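Taking it in order: structure first as structure tokens, then the write-up.
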């Protein structure tokens with residue numbers, strides 16, 4: 001991996017470069033940070049690197065959607081509360097809530113991800129609910 005500095009990689013090195021990867025449409029002062037981001041994203045996919053493989057299986061983009069909102073303790077911070085459903089103990093309702101929120105986040109922030117995604121029946125139903133809720137204001 002070659003991480004350029006300032007102006008990019010010396011043009012003479014291009015004959016040895018077989019792939020160019022961009023991590024986004026922005027400029028940094030050097031390629032070290034983007035290289036570290038790429039390495040971190042790849043290394044975490046190696047079995048045994050993370051303590052719990054479920055961490056990888058629940059990451060954003062694994063199912064083609066952005067992740068649902070996350071909440072930690074305490075249950076209330078300056079009057080802002082964790083949604084009641086997450087405290088309910090009803091795992092099925094929590095799963096559906098997370099999926100719906102994931103669809104909302106994706107529709108709002110990265111609608112391009114939904115264009116080519118093959119939605120399940122449940123995802124399609126939830127997306128229609130979201131769209132109806134948005135129309136109603």
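The values are calculated or read from the model by the stated rules, or taken from the named source; none is laboratory data. It should be emphasised that the depicted structure is a prediction, and the values quoted were computed from it without experimental measurement. Neighbour counts run over all protein chains shown; Cβ positions are idealised from the backbone, glycine included.
Quick look at the numbers
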item: Conditions (1) free of Cβ contacts under 8 Å to residues at least 24 places away in the same chain; (2) on the phi > 0 side of the Ramachandran plot; (3) touching a helix residue (DSSP H, G or I) at 6+ places or on another chain (Cβ under 7 Å); number of the one not met by residue 8; result: (3)
item: The lone exception for residue 56 - which of (1) modelled with pLDDT of 90 or more; (2) assigned to a helix (DSSP H, G or I); (3) closer than 23 Å to residue 104 by Cα it fails; result: (1)
